[in-house]
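Q: Can you keep this structure in mind? I'll have questions shortly.
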């Protein structure tokens, strides 16, 4: 059996694909009196997402949920490839990669629950937060030490960018 170094996989990534609930959020919902379901997102994840976009990485969001507030937050970070109400994440991912001419060998997918598994299996680097379901943990090549909504997105973005020599510079800080 050949043993590989998962960090080598990070060196090939040009595209990040993230789920929302349980990855960009901690998975909890606060139901407000007007019926809006509020979520918490981590600002450190937000900084890393903005920096990755500035450095030329592709960021794609594929979520089974639907929230104008989440979509607005993602758009303010500069993320334009947002797929909500995703019933089949694998099909959406494959269609997106084909349209954009992106090879799955350059893609990292981070998911946390059963609807993410098939999409995770289809890319070069399947990742998950530390609090993902057991089924997801079983297929992930890399498990972040951070739980969903608590820095797991920052963790994988930072690893990729550091290994590729593209992590933050003073000029980057001033322009974000």
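The values are calculated or read from the model by the stated rules, or taken from the named source; none is laboratory data. Computed from a predicted structure; not experimentally measured. Positions of Cβ are backbone-derived with ideal geometry, glycine not excepted, and every protein chain shown enters the neighbour counts.
Q: How many residues are under 17 Å from residue 63 (Cβ atoms) and outside any loop (DSSP other than H, G, I, E, B) if we restrict to segment 1-46?
A: From segment 1-46, those under 17 Å from residue 63 (Cβ atoms) are 15-29, 36-42, 45-46; that's our starting set.
Narrowing the set further to residues that are outside any loop (DSSP other than H, G, I, E, B) leaves 15-18, 20-25, 37-38, 41, 45-46.
Residues meeting the conditions: 15.
Q: Considering segment 126-139 alone, what residues qualify as being buried (at least 23 other Cβ atoms within 10 Å of the Cβ) and assigned to a loop (DSSP other than H, G, I, E, B)?
A: Those that are buried (at least 23 other Cβ atoms within 10 Å of the Cβ) and assigned to a loop (DSSP other than H, G, I, E, B): 129, 132.
Q: Determine whether segment 147-164 contains at least one residue that is buried (at least 19 other Cβ atoms within 10 Å of the Cβ), on the phi < 0 side of the Ramachandran plot, assigned to a helix (DSSP H, G or I) and without any contact (Cβ under 8 Å) to a residue 40 or more places away in the chain.
A: There is at least one residue in segment 147-164 that is buried (at least 19 other Cβ atoms within 10 Å of the Cβ), on the phi < 0 side of the Ramachandran plot, assigned to a helix (DSSP H, G or I) and without any contact (Cβ under 8 Å) to a residue 40 or more places away in the chain.
Q: Please note which helices (runs of 4 or more DSSP H) are completely contained in segment 68-125 and include at least 2 residues that are touching a helix residue (DSSP H, G or I) at 6+ places or on another chain (Cβ under 6 Å) and at pLDDT 95 or above.
A: Working: elements: 68-76, 89-100, 117-121.
It comes to 89-100, 117-121.
Yes or no, residue by residue, for (1) in contact (Cβ under 8 Å) with a residue 12 or more places away in the chain; (2) surrounded by fewer than 19 Cβ atoms within 10 Å (Cβ to Cβ); (3) in contact with a strand residue (DSSP E or B) (Cβ under 6 Å, 6 or more places away or on another chain):
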| position | (1), (2), (3) |
| --- | --- |
| 15 | yes, no, yes |
| 22 | yes, no, no |
| 30 | no, yes, yes |
| 34 | no, yes, no |
| 38 | yes, yes, yes |
| 43 | no, yes, no |
| 48 | yes, no, no |
| 55 | yes, yes, no |
| 58 | yes, no, yes |
